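Visitor: Let me give you the structure first, and then I'll get to my questions.
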Amino acid sequence: MDLIETPERARPGKGAVSRYGGATLLAALAMLLVQAALKAVIVAQAFFKEDDFAYAARSVESGFDPVRLTELYLGQFMPGGFAVDWVVTRLAPYDWTVVAAIVVAAHTLAGLAVYTMLVTLFGRRPLILAPLALWALAPASVPVLTWWAAALNTVPLQIALPMAVTAHVRHLRTGGGRHAAAALGWTVLGMLFFVKAAVIPLLLAALTWAYFGGLRGHGRVWLAHGATLAAFAGFYLVRSAGTPEIGGLPTLSDGLGFVGNLFGRTLLTTALGGPWTWFAGPDRALAAPPWGLVALSALVVAGLFWVTLRHRRRALAAWAILLGWVLLADVPPPLYGRVYLVGGFLGMDTRYIADALPVAAMVAGLLTLPLLGETAPYRRPLPRAEVVYAAGGVVVGGFTVASLVSLNAFLGHLGAPDKSAYLAAAREALSTVDRHRVIFDSAVPGFMLSSGYGEYGRTSRLLSPLADEERRRLMRTPPPATDGLVFDGEGRLRPVDVDGAKQDPPGGCWPREQGRITVPLPGAGELARLGTWTSGRTEVGVLAGADKHRIALPPGLSQLYLPLPEGTRQIEIIGIASDAKVCMGDVKVGKAVPSP
């Protein structure tokens, strides 16, 4: 399973295509190093966003638990991704430099995997550098790298897919059982990171049928892949049982709009170096190609379709393989899981086709190059070599220039200084705060995470990777306190206050009966602030819903801050000594906010 291993035997035509093998390898490695440097510059400008924060919070909520790792997250099954995130979060919480280095390095390994696939299919000939460039410079490969959660799905699949093709083709040529096992292993590895990997066996079957003499004679291989798919589907269904339903079918117009945008504006233009322009989002951007570029791309693709169909045998099968991958792997998941919420506009998100880039590189090779040992690859004689190379140079050169324009434009939409500054301030605050101080929970600012992420949009969850285990526990379940803290909108710790409804007791103090004071709450909320007065330090019991606490009230005037379980309607102060002078005054219920 070496990324740059070549087939061991049954390599007809080896001498004809390996004359420049060493130079081809060096050129490929240089290309991959250059693309890695370019993408490193781009990825370094991005930052954590959206699901990244939820993943990090999940990673510190429990140990390395296989059951937790196999839980579905918004319909996504990705134990491999969660395992990687668990390790990274534990070692370097919210360190984008570490994450960026991992993403770019893994993506470069994916480039080696694509190169290996091309060498296996076509031999180590210089012309494979053209489809390799398609993979390396395609603008659609970059946005997914700037989002850690998305990269955890896609980049491992970009490695597993071409390596599964490589191993399968070696099996077809040599009959070696270990190559068949390797292909199955790479497929399973992909499934551990992205459900789209379930389409790999169909890709292998299509390649075998169209280019390697049909499916007969490989019954054990297909049986193994079929059993693996069945086991994967069964396990997915078992793990999805009891999880909240997150999917839904879109309207017909939204569904057609999504498919039309995905194929007509995103895939069509980015495959040729577009989209040139982007629609900016928070530290991200979606493809927004001008309609002129869409029209030009359609003409170019139509021309390539006609030329390849005219000259290359089985060209239609190659085009069908690419179309089939996108239709089966890239359309169904978002069409059911996201489009009904966002609409057809989602089809302009390039991360939904980033996994198809290794397939596109393979298909580009199938449309132009003969396979190793293929005896009659072309329907008719090709034009003179000068014409072929000139036309190829125009296409590859135009693609390269267009890609660099698109990547430069994308770079202008990256950056999240507000998120970075917030986390830096919170990291500093948590490292210096007294371990006995109570930090109450609150919603993080909207620029960090939207309220749609539920509990993961709370400081007790989102900031928990920056705290030690004891502090994380206290942040999730803070006890009552008379001088608590809360994070402000800039990530600093400030004295806590309560924003909400207030109620004053009749006569200045709530009545006391047999050592018990009942304080009715003026409304619902997550935190109560209760004014207190005692003649001396006094220990009392506090009941709030099912929660019971013991707390010492300081002498004189003070404030008691008390987290409230959902549905709490009153607070009870119990266990008051008969000789203690205690007054419970005004009560305010709402959410925790920094004190003005």
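Visitor: In region 16-71, which residue that is under 27 Å from A113 (Cβ atoms) and of a type in the set (D, E) is surrounded by the most Cβ atoms within 10 Å (Cβ to Cβ)?
Guide: Top of the filtered list is D52.
Visitor: Looking at D330, D355, which is the one that is out of contact with any Ser or Thr (no Cβ under 8 Å at 6 or more places or on another chain), in contact (Cβ under 8 Å) with a residue 40 or more places away in the chain and either within 23 Å of L249 (Cβ to Cβ) or not hydrophobic (A, V, I, L, M, F, W, C) (or both)? Write out each step before concluding.
Guide: Working: D355 fails: out of contact with any Ser or Thr (no Cβ under 8 Å at 6 or more places or on another chain).
Going through D330, D355 in turn, just one is out of contact with any Ser or Thr (no Cβ under 8 Å at 6 or more places or on another chain), in contact (Cβ under 8 Å) with a residue 40 or more places away in the chain and either within 23 Å of L249 (Cβ to Cβ) or not hydrophobic (A, V, I, L, M, F, W, C) (or both): D330.
Visitor: Is it the case, given these coordinates, that L474 is crowded, with 20+ Cβ neighbours inside 10 Å and either farther than 30 Å from P445 by Cα or at pLDDT 90 or above (or both)? Please lay out each step first, then the result.
Guide: Values: crowded, with 20+ Cβ neighbours inside 10 Å: no; either farther than 30 Å from P445 by Cα or at pLDDT 90 or above (or both): yes.
Against the criterion (crowded, with 20+ Cβ neighbours inside 10 Å and either farther than 30 Å from P445 by Cα or at pLDDT 90 or above (or both)), L474 does not qualify.
Visitor: Would you be able to say whether some residue in region 462-469 is within 31 Å of the chain's Cα centre (by Cα) and acidic (D, E)?
Guide: First, pick out the residues of region 462-469 that are within 31 Å of the chain's Cα centre (by Cα): 462-469.
Filter again for acidic (D, E), leaving 468-469.
Within region 462-469, one or more residues are within 31 Å of the chain's Cα centre (by Cα) and acidic (D, E).
Visitor: Could you check region 38-59 and list, in sequence order, the residues that are farther than 16 Å from E71 by Cα and small (G, A, S)?
Guide: Filtering region 38-59 for residues farther than 16 Å from E71 by Cα gives 38-50, 52-53.
Within region 38-59, A40, A44, A46 qualify.
Visitor: Another question about this same structure. Please find, among R494, R516, the residue that is at pLDDT 95 or above and either touching a Phe, Trp or Tyr at 6+ places or on another chain (Cβ under 9 Å) or surrounded by 14 or more Cβ atoms within 10 Å (Cβ to Cβ) (or both). Steps first, please.
Guide: Numbers: R516 fails: at pLDDT 95 or above.
Answer to the check: R494.
Visitor: What are the pairs, 6+ residues apart or on separate chains, where a residue within region 159-185 that is over 14 Å from A113 (Cβ atoms) has its Cβ under 6 Å from a residue that is among the hydrophobic types (A, V, I, L, M, F, W, C) and assigned to a helix (DSSP H, G or I)?
Guide: From residues that are over 14 Å from A113 (Cβ atoms), the pairs are H171/A180; H179/A167; A180/V221; L184/A224.
Visitor: I'm trying to understand the selection: among the residues of region 313-345, which are among the small types (G, A, S) and modelled with pLDDT of 85 or more?
Guide: Here is the first cut: in region 313-345, the residues among the small types (G, A, S) are 315, 317-318, 320, 324, 329, 337, 343-344.
Result: A315, A317, A318, A320, G324, A329.
Visitor: Restrict the check to region 390-400 and report whether at least one residue is under 27 Å from N153 (Cβ atoms) and not assigned by TED's automatic domain parsing to the domain that holds F487. Quick ask: steps written out before the conclusion?
Guide: Going through region 390-400, the residues under 27 Å from N153 (Cβ atoms) turn out to be 399.
Adding the requirement that they be not assigned by TED's automatic domain parsing to the domain that holds F487 leaves 399.
Checked region 390-400: at least one residue is under 27 Å from N153 (Cβ atoms) and not assigned by TED's automatic domain parsing to the domain that holds F487.
Visitor: If you don't mind, there's one more thing I want to ask. What's the total number of residues in region 417-428 that are buried (at least 20 other Cβ atoms within 10 Å of the Cβ) and among the aliphatic types (A, V, I, L, M)? Quick ask: steps written out before the conclusion?
Guide: Here is the first cut: in region 417-428, the ones buried (at least 20 other Cβ atoms within 10 Å of the Cβ) are 419, 422-423, 426.
With the extra rule that they be among the aliphatic types (A, V, I, L, M), the set shrinks to 423, 426.
Selection size over region 417-428: 2.
Visitor: Where the second residue is small (G, A, S) and surrounded by 13 or more Cβ atoms within 10 Å (Cβ to Cβ) and the first is in contact (Cβ under 8 Å) with a residue 24 or more places away in the chain and in the same structural domain as E539 (by TED's automatic domain parsing) and lies in region 502-521, which pairs have Cβ atoms under 7 Å and are six or more apart or on separate chains?
Guide: So the pair list comes out as P505/G585; G508/G585; C509/G585; G515/G575; L521/A528.
Visitor: Checking the condition surrounded by fewer than 24 Cβ atoms within 10 Å (Cβ to Cβ) and either at pLDDT below 95 or in contact with a strand residue (DSSP E or B) (Cβ under 8 Å, 6 or more places away or on another chain) (or both), which residue from A133, A100, A106, A138 passes?
Guide: Details: A100 fails: either at pLDDT below 95 or in contact with a strand residue (DSSP E or B) (Cβ under 8 Å, 6 or more places away or on another chain) (or both); A106 fails: either at pLDDT below 95 or in contact with a strand residue (DSSP E or B) (Cβ under 8 Å, 6 or more places away or on another chain) (or both); A138 fails: surrounded by fewer than 24 Cβ atoms within 10 Å (Cβ to Cβ).
It is A133.
Visitor: Further question: Would you check which residues across region 333-360 are of a type in the set (V, I, T) and either outside any helix (DSSP H, G or I) or not assigned by TED's automatic domain parsing to the domain that holds A110 (or both) and list them?
Guide: Within region 333-360, just I353 meets the criteria.
Visitor: I've got another one for you. If you scan region 452-466, which residues turn out to be of a type in the set (D, E, K, R) and surrounded by fewer than 18 Cβ atoms within 10 Å (Cβ to Cβ)? Walk me through it before giving the result.
Guide: Going through region 452-466, the residues of a type in the set (D, E, K, R) turn out to be 455, 458, 461.
The one that is of a type in the set (D, E, K, R) and surrounded by fewer than 18 Cβ atoms within 10 Å (Cβ to Cβ): E455.
Visitor: Here's another thing I want to ask about it. List pairs: first in region 297-311 and not assigned by TED's automatic domain parsing to the domain that holds G264, second surrounded by fewer than 18 Cβ atoms within 10 Å (Cβ to Cβ) and part of a helix (DSSP H, G or I), Cβ under 6 Å, 6+ apart or cross-chain?
Guide: If the second residue must be surrounded by fewer than 18 Cβ atoms within 10 Å (Cβ to Cβ) and part of a helix (DSSP H, G or I), no pairs are left.
Visitor: Quick one: which helices (runs of 4 or more DSSP H) lie wholly within region 18-119 and hold at least 1 residues that are polar (S, T, N, Q)? Give the steps one after another, and end with the answer.
Guide: Working: elements: 21-43, 51-61, 66-69, 79-91.
Filter on region 18-119 gives 21-43, 51-61, 79-91.
Visitor: Being of a type in the set (F, W, Y) and farther than 25 Å from Q45 by Cα is the filter; apply it to region 247-283 and report the residue that is surrounded by the fewest Cβ atoms within 10 Å (Cβ to Cβ). So that I can check it myself, show each step before the final result.
Guide: The initial filter retains those residues of region 247-283 that are of a type in the set (F, W, Y), namely 258, 263, 276, 278-279.
From what is left, the residues that are farther than 25 Å from Q45 by Cα are 258, 263.
Working: F258: 26, F263: 17.
By that ranking, first place goes to F263.
Per-residue answers, yes or no, for (1) at pLDDT 90 or above; (2) surrounded by 15 or more Cβ atoms within 10 Å (Cβ to Cβ); (3) at negative phi; (4) not small (G, A, S):
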site	(1), (2), (3), (4)
A224	yes, yes, yes, no
A231	yes, no, yes, no
V238	no, no, yes, yes
E245	no, no, yes, yes
A285	no, yes, yes, no
A288	yes, yes, yes, no
G292	yes, no, yes, no
V301	yes, yes, yes, yes
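Visitor: On to the next question. On the basis of being farther than 21 Å from L564 by Cα and either assigned by TED's automatic domain parsing to the domain that holds E572 or of a type in the set (D, E) (or both), does R492 make the cut?
Guide: Numbers: farther than 21 Å from L564 by Cα: yes; either assigned by TED's automatic domain parsing to the domain that holds E572 or of a type in the set (D, E) (or both): yes.
Yes: the conditions hold for R492.
Visitor: Can you report the number of residues in region 192-213 which are in contact with a Ser or Thr (Cβ under 9 Å, 6 or more places away or on another chain) and closer than 13 Å to D355 by Cβ?
Guide: So the first thing to find is which residues in region 192-213 are in contact with a Ser or Thr (Cβ under 9 Å, 6 or more places away or on another chain), and the list is 193-194, 196-198, 200-201, 204.
Now narrow it down to the ones that are closer than 13 Å to D355 by Cβ: 193-194, 196-198, 200.
Qualifying residue count for the region: 6.
Visitor: Taking the criterion of being basic (K, R) and in contact with a Lys or Arg (Cβ under 9 Å, 6 or more places away or on another chain), would at least one residue in region 279-301 satisfy it? Give the steps one after another, and end with the answer.
Guide: The initial filter retains those residues of region 279-301 that are basic (K, R), namely 284.
Then drop every residue that is not in contact with a Lys or Arg (Cβ under 9 Å, 6 or more places away or on another chain), which leaves 284.
Scanning region 279-301, I find at least one residue that is basic (K, R) and in contact with a Lys or Arg (Cβ under 9 Å, 6 or more places away or on another chain), so the answer is yes.
Visitor: Out of all the residues in region 62-81, is one or more β-branched (V, I, T) and within 19 Å of D355 (Cα to Cα)?
Guide: First pass over region 62-81, keeping only residues β-branched (V, I, T): 67, 70.
The next check asks that each one be within 19 Å of D355 (Cα to Cα); those that pass are none.
No, there is no match, as no residue in region 62-81 is β-branched (V, I, T) and within 19 Å of D355 (Cα to Cα).
Visitor: If a residue has to be under 18 Å from F263 (Cα atoms) and in a helix (DSSP H, G or I) to count, how many in region 284-315 make the cut? Walk me through it before giving the result.
Guide: So the first thing to find is which residues in region 284-315 are under 18 Å from F263 (Cα atoms), and the list is 285-305.
From what's left, in a helix (DSSP H, G or I): 291-305.
Residues that pass the stated criteria total 15.
Visitor: Going by the structure shown, is L414 within 30 Å of the chain's Cα centre (by Cα) and crowded, with 17+ Cβ neighbours inside 10 Å?
Guide: Working: within 30 Å of the chain's Cα centre (by Cα): yes; crowded, with 17+ Cβ neighbours inside 10 Å: yes.
Yes, satisfied.
The values are calculated or read from the model by the stated rules, or taken from the named source; none is laboratory data. Please read all numbers here as calculations on a predicted model, not as lab measurements. Counting neighbours? That spans all protein chains shown, and the Cβs are built from the backbone with ideal geometry, glycine included.
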